[in-house]
Every structure is written in structure tokens, then in C-alpha cells.
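**Q** Here it is: the structure, laid out below.
The values are calculated or read from the model by the stated rules, or taken from the named source; none is laboratory data. Only a predicted model underlies this, so the values are computations on that prediction, with no experimental measurement involved. Methodologically, a virtual Cβ is constructed for each residue, glycine included, from the backbone with ideal geometry; neighbour enumeration extends over all protein chains shown.
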Amino acid sequence: MNATINFLRRIGEDPHANGAQTIGCRGCPDIWELENGDFAVIGIDITDAAAPKLPPTAGCGPDERIVRLPRNLLVKAKQDIPD
């Protein structure tokens, strides 16, 4: 992917709001809308464990990763996802 990546806006709440931090004190699962209309997801990489268990109609290419997001992150982001 040689395209320029520009983050436009966060989808959902700031995971660091009110001083919240992860155990490592940096980073948290997050969802961002990109300038081109696509979305970027920051989450825990579960590709190695999840790929062998994918349903037959799903696949994960060599340039793709399977990422886990906490349910509450996506539920709270729902209101910010455009139609």
C-alpha cells in the first residue's frame, strides 16, 4: 500500500478520556476514519490464533491481520459510524 494515510477523525470515545490508560501506559484499541473514507482499527493482533478457526467463507491474506476489539469500543462507536 503506497497511498498516503491521513487520519480524519476518531470514531467513538477517546480511549484515554478521563486519564484512562492501558497496562503498558500507551495505546488502546481505537477506530479512526481516514481521509479517503476508509477506517483504521487499532486492536490486539489475534491473527495467529484466529486464522485457523476462520469460517470457510472467510480468509486472511498475507497482508492482512485479524484484530480483536473490545465489544464496548465498537458499541460506543456505533453512533459515530456514518451511514
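**Q** I'm trying to understand the selection: among the residues of the range 61-83, which are among the aliphatic types (A, V, I, L, M) and either touching a residue at least 60 places away in the same chain (Cβ under 8 Å) or outside any strand (DSSP E or B) (or both)? Quick ask: steps written out before the conclusion?
**A** From the range 61-83, those among the aliphatic types (A, V, I, L, M) are 66-67, 69, 73-75, 77, 81; that's our starting set.
Within the range 61-83, Ile66, Leu69, Leu73, Leu74, Val75, Ala77, Ile81 meet the criteria.
**Q** Please find, among Ala50, Ala58, the residue that is outside any loop (DSSP other than H, G, I, E, B), modelled with pLDDT of 90 or more and small (Gly, Ala, Ser).
**A** Result: Ala50 is the single residue among Ala50, Ala58 that is outside any loop (DSSP other than H, G, I, E, B), modelled with pLDDT of 90 or more and small (Gly, Ala, Ser).
**Q** Assuming Thr4 fulfils every condition listed in (1) touching a Pro at 6+ places or on another chain (Cβ under 8 Å); (2) at pLDDT below 90 apart from one, which condition is it?
**A** Result: Thr4 fails condition (1) only.
**Q** Right, something else. Any chance you could count how many residues in the range 25-47 are of a type in the set (A, V, I, L, M, F, W, C) and either more than 14 Å from Asp14 (Cα to Cα) or assigned to a helix (DSSP H, G or I) (or both)?
**A** So in the range 25-47, the residues of a type in the set (A, V, I, L, M, F, W, C) come out as 25, 28, 31-32, 34, 39-42, 44, 46.
If we keep only those that are either more than 14 Å from Asp14 (Cα to Cα) or assigned to a helix (DSSP H, G or I) (or both) as well, we get 25, 34, 39-40, 44, 46.
So the count comes out to 6.
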